[in-house]
1. Could you tell me whether Ala38 is part of a strand (DSSP E or B) and in contact (Cβ under 8 Å) with a residue 12 or more places away in the chain?
2. With Gly42, Gly49 as the choices, which residue is more than 15 Å from the chain's Cα centre (by Cα) and surrounded by fewer than 17 Cβ atoms within 10 Å (Cβ to Cβ)?
3. Please find, among Thr71, Thr98, the residue that is modelled with pLDDT of 90 or more and over 18 Å from Glu10 (Cα atoms).
4. With the requirement that a residue be at positive phi and out of contact with any strand residue (DSSP E or B) (no Cβ under 9 Å at 6 or more places or on another chain), what does the range 42-56 give you?
5. Can you report the number of residues in the range 60-83 which are surrounded by fewer than 17 Cβ atoms within 10 Å (Cβ to Cβ) and touching a helix residue (DSSP H, G or I) at 6+ places or on another chain (Cβ under 9 Å)?
Amino acid sequence: MFVITQRAAEQFLAALQEMPEEGLALRIFARRAEKGMAYNMGFDKAQAGDLEYQISGINVVVDPETDHNVTDMMIDFGQLDGAEQFIFANPQDQDPETCGSTAGSSSCGSGCTCG
């Protein structure tokens, strides 16, 4: 399970209200990439085999591999690299060169707490 901060939840809920289709959930996708973790997200309906959660008032769906990859992750919304964006802080994404970069995902930001 992972955490969605209040700031991120407000952004997701505002975007969801603008969607013309009802019954959508926030889909989070996380895969190990060559350097770090690759993330994507969007609104979708649950598919067979998905895991469904209620996090910070948001219906969230993930596939089993993503569920494993986002354990203890936090999604926040704030300033990163001079722009407001979603920030993924994932203890499983500890590549020292990328420190949580999204590996090609333009739909979200990145971040982590590298030690």
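1. Details: part of a strand (DSSP E or B): yes; in contact (Cβ under 8 Å) with a residue 12 or more places away in the chain: yes.
Considered against the rule, which asks whether it is part of a strand (DSSP E or B) and in contact (Cβ under 8 Å) with a residue 12 or more places away in the chain, Ala38 comes out as yes.
2. On inspection, the qualifying residue turns out to be Gly49.
3. Answer to the check: Thr71.
4. Gly49
5. Adding up the residues that qualify gives 1.
The values are calculated or read from the model by the stated rules, or taken from the named source; none is laboratory data. Note that the structure is predicted; figures quoted are calculated from it, not measured. Note: ideal-geometry Cβ built from the backbone for every residue, glycine included; neighbour counts use all protein chains shown.
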